[in-house]
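A.B. asks: Handing you a structure now.
The values are calculated or read from the model by the stated rules, or taken from the named source; none is laboratory data. Bear in mind the structure is a predicted one, so any value in this text is a computation, not a measurement. Here the Cβ is made from the backbone with ideal geometry for all residues, glycine too, and neighbour counts use every protein chain on show.
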Amino acid sequence: MNHDHLRILLEIARHGNFSGVAKQRNMDPSSISRVVRTVESELGVRLFHRTTRHVTLTEAGAAYLTQVSDLLDAIDAAGDRIKELGTNVGGMLRVTASVAFGQACLVPLLPEFLESWPDIQLELILADANLDIVAERIDLALRLSPRMDRNFVRVKWFDSAYKVCASPHYLASHGPIRSPADLSHHPCVLFGLPNPQADWLLRDSAGNVVHVSIKPRVCVSNGLAQRELALAGTGPALLPAWLAATDLAAGRLVDLLPDHTATPSDFDGAAWLLYPNRTLLPAKTRALVDFLKSRARPEWSHISPKRNLSSRG
């Protein structure tokens with residue numbers, strides 16, 4: 001049953017005529033009459049007694065509209081509640097990210113976000129496998145891959161960059177790395193199992209791209225483990241800037257080729273905020289998306305510290 005038709009019936013019962021309702025709704029009185037005939041035909045009963053001056057409810061009409069009134073009140077209350085949930089920044093917010101990415105970029109920002117929005121309860125799922133956003137009821141996913149389903153909205157968080165890094169201890173004992181070609185002589189710490197990223201692309205300031213085949217010393221499936229091994233002096237590693245930034249700034253890692261842009265696959269990588277394609281985005285999700293966009297750190301996209309002399313020997 002058309003809800004607006006039911007509201008028209010209630011208005012007729014209150015006004016006692018068709019013309020008042022037609023005037024209030026800026027409709028032709030004949031349109032109001034058609035609504036009444038349509039509903040009565042669907043129900044198979046007469047709802048109103050009609051005279052030239054007055055319209056009154058029949059017994060069936062009074063019984064029907066009493067229940068309809070309660071039903072429409074409940075529908076309006078449900079709508080108000082949903083609108084409140086949509087505009088109120090609160091409730092459970094389920095977020096997912098890979099382990100290393102979440103630890104490095106998301107977790108440090110969460111205390112400020114949660115302090116700003118005290119009515120939000122957060123469930124953070126760190127997993128290196130991409131979770132099914134719909135099945136797992138995920139409100140927001142942080143992803144590093146551009147390959148995403150069209151049914152989801154993606155918002156770029158920041159452009160990603162990679163740095164070829166090693167510890168000062170490793171360089172002191174294994175000699176300098178002055179060019180991309182030097183990397184082929186050093187056993188490196190590679191990311192990715194079962195298919196480690198053994199081919200690195202490096203591009204200089206003139207746009208020249210060099211393809212380097214890397215000899216692995218260790219292959220790991222987790223970025224945090226790769227970083228720890230690089231810090232321990234196991235070998236050079238190709239680390240995302242967002243993972244290496246703090247250690248590079250502190251001198252615990254050295255940017256071996258600061259004049260080059262590096263990548264394991266392509267030079268247009270980015271971090272993305274991904275959420276279900278909804279017409280009305282819940283306020284809690286919008287709050288986190290806006291917050292994260294405002295807190296992206298420049299060093300996650302690019303780092304250009306002065307070359308540490310230990311990288312040249």
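A.B. asks: Among the residues of the stretch 196-205, are any surrounded by fewer than 15 Cβ atoms within 10 Å (Cβ to Cβ) and assigned to a loop (DSSP other than H, G, I, E, B)? Break it down stepwise before answering.
C.D. replies: Of the stretch 196-205, the ones surrounded by fewer than 15 Cβ atoms within 10 Å (Cβ to Cβ) are 199, 204-205.
Next, only the ones that are assigned to a loop (DSSP other than H, G, I, E, B) stay: 204-205.
Looking through the stretch 196-205, at least one residue is surrounded by fewer than 15 Cβ atoms within 10 Å (Cβ to Cβ) and assigned to a loop (DSSP other than H, G, I, E, B).
A.B. asks: Report, by residue number, each residue of the stretch 16-54 that is out of contact with any Phe, Trp or Tyr (no Cβ under 6 Å at 6 or more places or on another chain) and touching a residue at least 24 places away in the same chain (Cβ under 8 Å).
C.D. replies: 16, 17, 18, 35, 36, 38, 39, 42, 47, 48, 53, 54 - these are the residues of the stretch 16-54 that are out of contact with any Phe, Trp or Tyr (no Cβ under 6 Å at 6 or more places or on another chain) and touching a residue at least 24 places away in the same chain (Cβ under 8 Å).
A.B. asks: Something else: With at pLDDT 85 or above, more than 27 Å from the chain's Cα centre (by Cα) and surrounded by 12 or more Cβ atoms within 10 Å (Cβ to Cβ) as the only criterion, which of 95, 68 stands out? If you could, list the steps in order and put the result at the bottom.
C.D. replies: Working: 95 fails: more than 27 Å from the chain's Cα centre (by Cα).
The conditions single out 68.
A.B. asks: So, one more: Would it be correct to say that residue 144 is in the same structural domain as residue 235 (by TED's automatic domain parsing) and either closer than 27 Å to residue 92 by Cα or surrounded by fewer than 17 Cβ atoms within 10 Å (Cβ to Cβ) (or both)?
C.D. replies: Details: in the same structural domain as residue 235 (by TED's automatic domain parsing): yes; either closer than 27 Å to residue 92 by Cα or surrounded by fewer than 17 Cβ atoms within 10 Å (Cβ to Cβ) (or both): yes.
Spelling it out, residue 144 is indeed in the same structural domain as residue 235 (by TED's automatic domain parsing) and either closer than 27 Å to residue 92 by Cα or surrounded by fewer than 17 Cβ atoms within 10 Å (Cβ to Cβ) (or both).
A.B. asks: Given the conditions (1) at pLDDT 95 or above; (2) out of contact with any helix residue (DSSP H, G or I) (no Cβ under 8 Å at 6 or more places or on another chain), which single one is not true for residue 253?
C.D. replies: So residue 253 meets the others, but not (2).
A.B. asks: Now for a separate question. Grab the strands (runs of 3 or more DSSP E) fully contained in the stretch 209-279, keeping just those with 2 or more residues being aliphatic (A, V, I, L, M) and in contact (Cβ under 8 Å) with a residue 40 or more places away in the chain. It would help to see each step written out before you state the result.
C.D. replies: Values: elements: 209-213, 215-220, 237-240, 261-263, 270-276.
Result: 237-240, 270-276.
A.B. asks: Do you know which residues across the stretch 35-58 are touching a strand residue (DSSP E or B) at 6+ places or on another chain (Cβ under 9 Å), at pLDDT 90 or above and charged (D, E, K, R)?
C.D. replies: Scanning the stretch 35-58 gives a single hit, 40.
A.B. asks: Could you list all residues from the stretch 186-195 that are farther than 19 Å from residue 240 by Cβ and either part of a loop (DSSP other than H, G, I, E, B) or out of contact with any strand residue (DSSP E or B) (no Cβ under 8 Å at 6 or more places or on another chain) (or both)?
C.D. replies: Filtering the stretch 186-195 down to residues farther than 19 Å from residue 240 by Cβ leaves 186-187, 194.
Those that are farther than 19 Å from residue 240 by Cβ and either part of a loop (DSSP other than H, G, I, E, B) or out of contact with any strand residue (DSSP E or B) (no Cβ under 8 Å at 6 or more places or on another chain) (or both): 186, 194.
A.B. asks: Only one of 61, 79, 20, 102 is surrounded by 12 or more Cβ atoms within 10 Å (Cβ to Cβ) and either at pLDDT below 90 or of a type in the set (Ser, Thr, Tyr) (or both). Can you tell me which?
C.D. replies: Answer to the selection: 20.
A.B. asks: Restricting the search to the stretch 161-177, which residues are touching a helix residue (DSSP H, G or I) at 6+ places or on another chain (Cβ under 7 Å) and surrounded by fewer than 24 Cβ atoms within 10 Å (Cβ to Cβ)?
C.D. replies: The answer is 161, 167, 168, 171, 172, 176, 177.
A.B. asks: Just the residues that are among the hydroxyl-bearing types (Ser, Thr, Tyr) and either within 18 Å of residue 245 (Cα to Cα) or not assigned by TED's automatic domain parsing to the domain that holds residue 296 (or both), please, taken from the stretch 161-185. Break it down into steps so the answer makes sense when it comes.
C.D. replies: Filtering the stretch 161-185 for residues among the hydroxyl-bearing types (Ser, Thr, Tyr) gives 162, 167, 170, 173, 179, 184.
Across the stretch 161-185, the qualifying residues are 162, 167.
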